[in-house]
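Working notes for the structure below.
The values are calculated or read from the model by the stated rules, or taken from the named source; none is laboratory data. None of these values were measured; they are calculated from a predicted model. Reconstructed Cβ throughout: ideal geometry from the backbone, glycine too, with neighbour counts over all protein chains shown. Each accessible area value is taken on the protein alone, full model and side chains, heavy atoms only, with ligands, DNA and RNA left out. Shrake-Rupley method; radii C 1.70, N 1.55, O 1.52, S 1.80 Å.
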Amino acid sequence: MEYKSFLELALSRQSDRAYDKERPVEADKLERILEAARMAPSACNAQPWRFVVINERELSFKIGKATAGLGMNKFAKDAPVHILIVEESANISSMLGGKVKDKYFPLIDIGIAAAYITLAAESEGLGSCILGWMDEKEVKQLAGIPLSKRLLLDVVIGYPVKEKRKKSRKPKDKVISYNSYK
């Protein structure tokens, strides 16, 4: 699909929870999505992430099963691609700035990168969903991620099998104010 504006792209993007498990994501589309993620901004250009791409069918299924639990994320086993976002060390400027300002910038930066991934996927005609619920230890073991690392998110990507839903958002006056907090 061709988008005329960024707003049109943002309005179209949704968290998809059903994927065509028989249809793989094309390598060129995946590369463009990963390049968008790599170009995401980060505090002091720290880039405190590593993207572990799971696109081998059997491993993707196992990773998907490891994200399901208590009735959540059952759909993840059908997603052909999982982009696991692992927290890496931030640079000294980001860490010092975070201490001074009492903020942990790597979490913010990884959230931005995840948003870039989902928007890039949408622009490629793919669906996505950001997952934080998972059996972290099992996913790390399956993906060869050192136990000492923090696995923060799994962004699943694939061809959605359901139609777009109507977005449900709070009214503007509940989330936006100008020139002061009202």
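Taking LEU96, LEU153, LEU30 in turn, the Gaussian network model of the chain (Cα-Cα springs below 10 Å) assigns the largest fluctuation to LEU96.
Number of Lys-Lys pairs in region 11-162 under 21 Å by Cα, sequence gap 8 or more or different chains? Lysine pairs, 8 or more places apart or on different chains, close enough: 29. Near LEU131, the amide H atoms lying under 5 Å from its own belong to ASP154, VAL155, VAL156; only residues 5 or more places off or on other chains count, and H is placed 1.01 Å from N. Multiplying the residue separation of GLU35 and GLU56 by 0.36 nm and removing their Cα-Cα distance gives an extension gain of 5.6 nm. Between the exposed loop cleavage positions of the chain, defined as GluC sites (Glu not before Pro) in a non-H, G, I, E, B DSSP state with at most 13 neighbouring beta-carbon atoms within 10 angstrom, the longest gap is 57-162. Sorting the segments 171-177, 65-71 by their residues' average number of neighbouring beta-carbon atoms within 10 angstrom, most packed first, yields 65-71, 171-177.
Calculate, for ARG23 and MET72, the FRET efficiency according to 1/(1 + (r/R0)^6) with r their C-beta to C-beta distance and R0 25 Å; round to the nearest 0.05. That gives a FRET efficiency of 0.55.
Distance between the modelled labels on ILE130 and GLU163, one decimal in nanometres: 2.8 nm (7 Å Cα→Cβ projection). Here the contact order of region 13-155, divided by its residue count and restricted to Cα pairs under 8 Å and six or more residues apart, works out to 35 percent.
What the chain shows is 62 Å² of accessible area per residue, with the surface traced by a 1.4 Å probe over protein heavy atoms. Less than 5 angstrom separates the built amide H of TRP49 from those of GLU88, all sequence-distant by 5 or more or on a different chain. Over the chain, dividing the summed -39,500 (n - 2.57) contributions of all DSSP H runs of at least 4 residues by the number of residues returns a 222 nm mean residue ellipticity of -11500 deg cm²/dmol. For the chain, the carbon plus sulfur part of the accessible surface works out to 55%, probe radius 1.4 Å.
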